[in-house]
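Take a look at the structure below.
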Amino acid sequence: MPSKNTAHPDATLTLVPGEVDLATLRRIQAGGVKLALDASVREGMQRAEAAVRHIVENDQVVYGINTGFGKLASTRIGNDHLAELQRNLVLSHSVGTGEPLAAPVVRMVLATKAVSLARGHSGVRPALVDALLALFNAGVTPSIPCKGSVGASGDLAPLAHMACVLIGEGRATLADGTVVSGAQAMKSIGLEPFVLGPKEGLALLNGTQVSTALALAGLFGAEDVFAAALMSGALSLEAIQGSIKPFDARIHAARGQPGQIAVAGAVRTLLEGSEIVPSHADCGRVQDPYSVRCIPQVMGACLDNLAHAARVLVIEANAASDNPLVFSDTGEVISGGNFHAEPVAFAADIVALAVSEVGAISERRLALLLDSGLSGLPPFLVRDGGLNSGFMIAQVTAAALASENKSLAHPASVDSLPTSANQEDHVSMATFAGRRLADMVNNTAVVVGIEAMAAAQGIELKRKLKSSPLVEAEFASIRQKVAFLERDRYLAPDIEAMRQWALKAELPAALLDILPSHS
């Protein structure tokens, strides 16, 4: 079975700004790769830098180059203070708080910021982009606090903490885990701290890269638990001897929803060759509860939403999203609002809805397994019930997490608070929208892991016939992690093992191939 992490150690990925695909972004997050820029993009960066230099040399007044920022945009800054202006911008905006972002997220921040600047509309030196990639390739992780961005005017505070390292300030973690100053981090990659040129500080701080990286991390985690939930659903279907008829391709073709069609096809493939399915073909069971019968409809809708979010996020990961933008063909520098992360906020909210529903329907299948009146299995999936509580309280944990996800799924994008003396009067809150996905994915992984463990228990309680080769292989994998529950035991380690399974399971191609970052 193929691994979800297809990255090969020490592989070098060549980034073509505007063409970085979702699978590449997943590999960047996973690590174990190095990055290089396609050589063709350097000329565009150099032309944009020359356009900025021309403005300064000809004493033109242009926002972001020789003016203040935000509400201070009308304040002219003399040429002899431009380097100080850019340094002050980085330092004054380094006001983040909270725990540092995880290394996989920071990897994507470094990569996507490099891609954005390399589009040739930011007016920065290519050397700055080279330095971002050098930090990535050396495994140096700038310390970026997780809170403090409203997702408009870019992810200003978190990106300022990233930029601090480039100017020798702030903190970073080396590949060996040592925490060092920004100056030491730059020394570790053989560079002196930068003295920023006109617009360079602003270009580093403006942009949606942190929001996008968080949302992408959430998307990839959502894909992982989605695939695991399809497997746990197939295990549950076999455990209760549910009907395969609702997965008939003709039903789903008659509706035409692409995600629904793909999910039904994946489940049919998973169960192909099962001895259990034909053994109860004439049992008289007409309709299973929705949590089983409507797996294609519910999970298919989730898949369609993940696919939509993926399309938005891969565009954003390639975008020039700072302000103002340089158009070197005409020499114009035009102020706009590409830093506003509304597309990312909506995409993250959509992922949140999908993750919540994946966990919600999984929890309902778990409850079904434990209900002997519906499942035909022993109460709470244990032989000596009463003396043993079996999976009774594991389902309570799943219910608690499924409920928590419903609260976390409230759209972040509907909120806005004005900033910068009402100059920035509508913001996206995209950074929180992306950040909360990590908790939601983890919650759903626990729910799905408990369902899979319970379904494996149910299959074994009725064990007479074998399921399909694909399901049996996954059953064996689960049994390597958790043993059959003969009597009550300390279950917390089992639940943790199954949480990790839901996030990292090496699942069949039938599941992975329908996911946006694998297709």
Summing +1 per Lys or Arg and -1 per Asp or Glu among the other residues with Cβ less than 9 Å from Asn388's Cβ gives -1
Residue order, fewest to most beta carbons within 10 Å, for Cys146, Cys302
Cys146, Cys302
Determine the shape class of the range 33-162: with a ≥ b ≥ c the square roots of the Cα gyration tensor eigenvalues, call it rounded for a/c under 1.5, and otherwise prolate if a/b is greater than b/c, oblate otherwise.
oblate
Which of the trypsin sites (Lys or Arg not before Pro) found in the range 468-519 are in a DSSP loop and have at most 15 neighbouring Cβ atoms, other than their own, within 10 Å?
Arg487, Arg489
Principal-axis tilt of helix 82-92 within the chain, Cα atoms, nearest 10 degrees
30
Which of Lys245/Lys406; Lys406/Lys504; Lys481/Lys504 have a Cα-Cα distance over 20 Å?
Lys245/Lys406; Lys406/Lys504
If amide H atoms are modeled at 1.01 Å from N in the peptide plane, then the residues at a separation of 5 or more from Leu13, or on another chain, having amide H under 5 Å from its own are Lys34, Leu35, Ala36
Applying 1/(1 + (r/R0)^6) with R0 = 51 Å to the Cβ-Cβ distance of Ser74 and Ala11, what FRET efficiency is obtained, to the nearest 0.05?
0.55
How far is helix 342-370 tilted, in degrees, relative to the longest principal axis of the Cα atoms in the chain, given as a value from 0 to 90 rounded to the nearest 10?
20
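Could you check what % of the DSSP bridge pairs in the chain are antiparallel, to the nearest 5?
65
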Only bridges whose two residues both fall in the range 11-208 count here: according to DSSP, what percent of them are antiparallel, nearest 5?
60
All other residues with a Cβ under 9 Å from the Cβ of Gly218 taken together, and with Lys, Arg as +1 and Asp, Glu as -1, what is their net charge?
+2
Return a whole-number percent for the relative contact order of the chain, with Cα pairs under 8 Å and 6 or more residues apart as the contact set.
19
Indicate the gyration tensor shape class of the range 64-136 (rounded, prolate or oblate), computed on the Cα atoms with a ≥ b ≥ c the square roots of the eigenvalues: a/c under 1.5 is rounded; otherwise a/b larger than b/c is prolate and the rest oblate.
oblate
Quick one: compute the contact order of the range 11-208, relative version, from alpha carbon pairs under 8 angstrom and 6+ residues apart, as a percent.
24
With the Cα gyration tensor of the chain giving a ≥ b ≥ c as the square roots of its eigenvalues, does the rule (a/c under 1.5 for rounded; else a/b larger than b/c for prolate; else oblate) give rounded, prolate or oblate?
prolate
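Fewest first, what order do Val447, Val106 take by the number of other Cβ atoms within 10 Å?
Fewest-to-most ranking of Val447, Val106: Val106, Val447.
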In debye to the nearest 20, how big a dipole does the chain give about its Cα centre with +1 on each Lys and Arg Cβ and -1 on each Asp and Glu Cβ?
820
Once you put a point 7 Å from the Cα of Lys464 and another 7 Å from the Cα of His54, both along the Cβ direction, what distance in nm separates them?
8.3
Given the Cα-Cα distance of Arg383 and Asp425 and 0.36 nm per residue of separation, how much length would full extension add, in nm?
8.9 nm
Cβ-defined net charge surrounding Lys113, 13 Å radius [Lys, Arg +1; Asp, Glu -1]:
-3
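Could you line up Thr330, Thr112 from fewest to most neighbouring Cβ atoms inside 10 Å?
Fewest to most other Cβ atoms nearby, the residues stand as Thr330, Thr112.
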Positive end of the dipole of the range 354-452, charges at C-beta (+1 Lys, Arg; -1 Asp, Glu), about the Cα centre: which of His426, Gly386, Pro411 has its Cα farthest in that direction?
Gly386
Given only helices, namely DSSP H runs of n ≥ 4 each adding -39500 (n - 2.57), what is the per-residue ellipticity at 222 nm of the chain, to the nearest 500 deg cm²/dmol?
-17500 deg cm²/dmol
Which whole-number value in Å³ per residue fits the convex hull of the alpha carbons of the range 409-497?
143
Applying 1/(1 + (r/R0)^6) with R0 = 41 Å to the Cβ-Cβ distance of Val396 and Val95, what FRET efficiency is obtained, to the nearest 0.05?
0.50
By how many degrees, 0 to 90 and rounded to 10, does the Cα axis of helix 430-461 deviate from the longest principal axis of the chain?
20
Work from the charge dipole of the range 76-196 (Cβ charges, +1 for Lys and Arg, -1 for Asp and Glu, about the Cα centre) and give the residue of Thr141, Leu110, Val180 farthest towards its positive end.
Leu110
What distance in nm separates the simple spin-label points at Arg489 and Leu408, each placed 7 Å from Cα in the Cβ direction?
2.9
Check Gly168: other-chain or 5+ apart residues with amide H under 5 Å from its amide H, H built from backbone geometry?
Phe194
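Values in this text are rule-based calculations from the coordinates and carry no lab data. Treat the numbers as computed from the prediction; the structure is a model and nothing was measured. Note: ideal-geometry Cβ built from the backbone for every residue, glycine included; neighbour counts use all protein chains shown.
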